[in-house]
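Notes to accompany the following structure.
No value in this document is a laboratory result; all are computed from the given coordinates. Not measured: the values here are computed from a predicted model. Virtual Cβ from ideal backbone geometry, glycine too; neighbours counted across all protein chains shown.
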Amino acid sequence: MSFDSLGLNADILRAVEEQGYREPTPIQRQAIPVVLAGRDLMASAQTGTGKTAGFTLPLLQRLVDNQPHAKGRRPVRALILTPTRELAAQIGENVRDYSKYLDLRSLVVFGGVSINPQMMKLRSGVDVLVATPGRLLDLEHQNAVKLDQVEILVLDEADRMLDMGFIHDIRRVLAKLPARRQNLLFSATFSDEIKGLAEKLLHNPEEVSVARRNTASEQVTQYVHFVDKKRKRELLSQMIGEGNWQQVLVFTRTKHGANHLAEQLGKDGITAAAIHGNKSQGARTRALADFKSGGIRVLVATDIAARGLDIEELPHVVNYELPNVPEDYVHRIGRTGRAAATGQALSLVCVDEHKLLRDIERVLKREVPRMAIPGYEVDPSIPAEPIVNGRQQQRGGGGRGGQGQGQRRGGNGSSSAPSDRSGAPRRQSRPQGDGAAKPAGANGRRRPPRKPSASN
Ligand code: AMP
């Protein structure tokens with residue numbers, strides 16, 4: 001089957017061809033006709049399946065088909081909400097590529113960078129807006145954007161948005177949209193919470209789904225190594241060195257842990273950088289580019305920062321610490337074995353993490369094979385200690401945000417650092433804004449405090 005038979009116009013097909021796509025992926029085959037027909041859509045698909053083109057291509061076509069004749073400032077007609085900055089940037093790039101022969105303007109907005117350039121660009125008119133929820137609300141609050149002309153709403157990675165505590169923000173955004181619109185919801189998993197959201201959001205939706213790439217995990221070889229916590233770094237350095245691994249994505253639970261490990265690997269002579277929500281956008285982009293180009297061998301990431309990264313054919317993923325949420329394990333190992341390449345996913349598991357491993361294996365519905373490394377046998381006299389979920393809990397709290405979120409998402413989400421606004425759960429009420437933003441200040445008004453996201 002080719003793209004030509006899906007009903008897309010010549011300008012879009014030309015842009016698709018330039019991307020080198022020969023045929024639509026399964027999610028594209030299913031989603032494109034539904035969206036073109038103007039139907040609401042509930043799609044089960046994760047990153048790596050081609051879902052972005054699955055909603056973007058028909059969305060662009062609908063916008064050009066229904067182009068208003070009136071001149072004047074262009075209102076936002078399509079809104080794509082995503083949980084993280086990286087994913088927003090990636091989708092924004094896709095939208096730009098696919099719309100290059102169309103008379104449509106697109107813009108990406110997220111927190112952690114100055115709000116003023118975003119305001120300026122919005123002022124000159126934007127048809128397709130890709131946004132993280134927090135920054136979008138800031139912009140809306142400052143009258144930089146109106147959402148009352150939105151014709152199509154896309155909620156991408158809805159499960160992750162709820163995990164990250166964005167539900168209240170999403171509700172606030174929904175309240176600004178016109179009642180009549182097309183809604184597209186994408187999610188890798190469908191919990192009761194997502195189904196509840198879908199029921200409220202979608203009208204008579206068409207449901208499509210593609211197999212999750214990693215539930216069966218045939219493409220990914222997984223192993224568990226039991227090792228004492230304090231010997232994990234030594235083991236990791238040894239494996240990278242002896243295996244001559246050149247590109248390794250390593251996951252830690254906390255931002256602090258990511259920084260520390262990257263530093264330690266550096267001391268072992270292994271080039272490494274950390275990527276997490278407390279890093280500036282520039283630093284994150286640079287680290288990712290260095291990693292992709294082979295400038296550094298190891299990228300140490302927290303779950304939220306790694307979300308949406310499209311690093312093709314990544315050969316090695318290491319769970320330096322197991323995630324608190326079992327589904328995150330599936331997302332993590334989904335970074336490897338992509339695009340038909342095979343990959344290896346290793347988990348270094350200490351005595352504290354046995355319960356987390358059991359939870360993961362319950363989700364996978366199978367046991368991950370254990371592999372012993374001589375010289376790293378565990379010391380049975382070391383007792384298990386409870387896992388402390390990040391600095392905030394160690395300090396005994398901080399922001400008004402609920403503890404429930406911190407406990408589920410772990411340390412990665414437990415900091416109240418301002419720069420983490422669009423890449424991590426909301427912990428604070430206003431006006432603790434994104435770095436350079438003055439969310440409440442510019443015109444002296446203040447938004448009402450956000451509700452804590454404790455229920456997630
Ligand atoms: P996504 O799941 O949207 O993040 O897409 C994953 C990757 O697949 C991206 O790098 C896309 O550029 C690429 N892609 C999307 N559609 C196709 C297609 N039909 N053929 C080949 N690659 C594609």
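Working out 0.36 nm times the residue gap between K200 and R123, then minus their Cα-Cα distance, what length gain in nm do you get to one decimal?
Full extension of this stretch gives 24.6 nm more.
What is the P(r) of region 81-177, as percent of Cα-Cα pairs per 5 Å bin from 0?
Final binned percentages: 2, 13, 25, 27, 22, 9, 2, 0.
Using every Cα-Cα pair within region 72-137, state what percent have a distance larger than 19 Å. Could the numbers behind the result be given before it?
Details: 545 of 2145 pairs.
Counting pairs separated by more than 19 Å, the tail of P(r) holds 25 percent.
Starting from the eigenvalues of the Cα gyration tensor, five times each then square-rooted, give me the equivalent ellipsoid semi-axes of region 220-364, largest first, whole Å. Write out the running numbers ahead of the final one.
On the way: eigenvalues 86, 58, 48 Å².
Calculated on Cα positions only, the semi-axes equal 21, 17, 16 Å.
Can you give me the P(r) profile for region 1-112? Cα pairs, bins 10 angstrom wide beginning at 0, each as a whole percent.
Pair shares across the bins are 12, 47, 34, 6, 0.
What full-extension length gain, to one decimal in nm, is calculated for N66 and A372 as 0.36 nm per residue of separation minus the Cα-Cα distance? Mind showing how you got there, number by number?
On the way: separation 306, 0.36 × 306 = 110.16 nm, distance 6.15 nm.
Between N66 and A372, full extension yields an extra 104.0 nm.
Taking all pairs of distinct Cα atoms, average 1/r, flip it, and tell me the Kirkwood hydrodynamic radius of region 255-310 in Å to one decimal place. Walk me through the numbers on the way to the answer.
Numbers: mean 1/r = 0.0902 Å⁻¹.
Here the Kirkwood hydrodynamic radius works out to 11.1 Å.
At 0.692 mPa s and 37 °C, plugging the Kirkwood radius over alpha-carbon pairs of region 3-209 into Stokes-Einstein gives what diffusion coefficient in µm²/s?
193
What length, rounded to one decimal in nm, is gained on full extension from R74 through to K146, with 0.36 nm per residue of separation minus their alpha-carbon distance?
Here the segment from R74 to K146 would lengthen by 24.9 nm.
Please find the FRET efficiency linking K355 to R286, where r is the Cβ-Cβ separation and R0 is fixed at 35 Å, and quote it to the nearest 0.05.
Numbers: r = 37 Å, r/R0 = 1.05.
Result of the calculation: an efficiency of 0.40.
Note down the net charge around E377, summing +1 for each Lys or Arg and -1 for each Asp or Glu among other residues with Cβ under 15 Å from its Cβ. Please list the in-between numbers first.
On the way: positive: K229, K230, R231, K232, R370; negative: D228, E234, D379.
Within the 15 Å Cβ shell, the charges total +2.
Determine the sum of side-chain charges near V34: Lys and Arg each +1, Asp and Glu each -1, restricted to other residues whose C-beta is under 11 angstrom from that of V34. Before the final figure, lay out the partial values.
Working: positive: R29, R39; negative: D40, E206, E207.
Residues close to V34 contribute a combined charge of -1.
What number comes out for the charge environment of D290, summing +1 per Lys or Arg and -1 per Asp or Glu over other residues with Cβ under 12 Å away? All intermediate terms of the calculation are to be shown ahead of the outcome.
Numbers: positive: R284, R286, K292, R297; negative: none.
Local net charge: +4.
Strictly over 29 Å apart at the Cα level, which of K229/K255; K51/K267; K121/K176 would you flag in this model? Could the numbers behind the result be given before it?
Numbers: K229/K255 17 Å; K51/K267 40 Å; K121/K176 20 Å.
The answer is K51/K267.
Which order do the peptides 371-378, 323-330 take when ranked by the mean count of other beta-carbon atoms within 10 Å per residue, highest first? Could the numbers behind the result be given before it?
Numbers: 371-378: 11.9, 323-330: 21.6.
Output ranking for 371-378, 323-330: 323-330, 371-378.
Considering Cα pairs under 8 angstrom that are at least six residues apart, work out the relative contact order of region 3-209 and quote it in whole percent. Kindly include the intermediate steps, with their values, before the conclusion.
Values: 346 pairs, mean separation 58.9, N = 207.
With pairs under 8 Å counted, the relative contact order is 28 percent.
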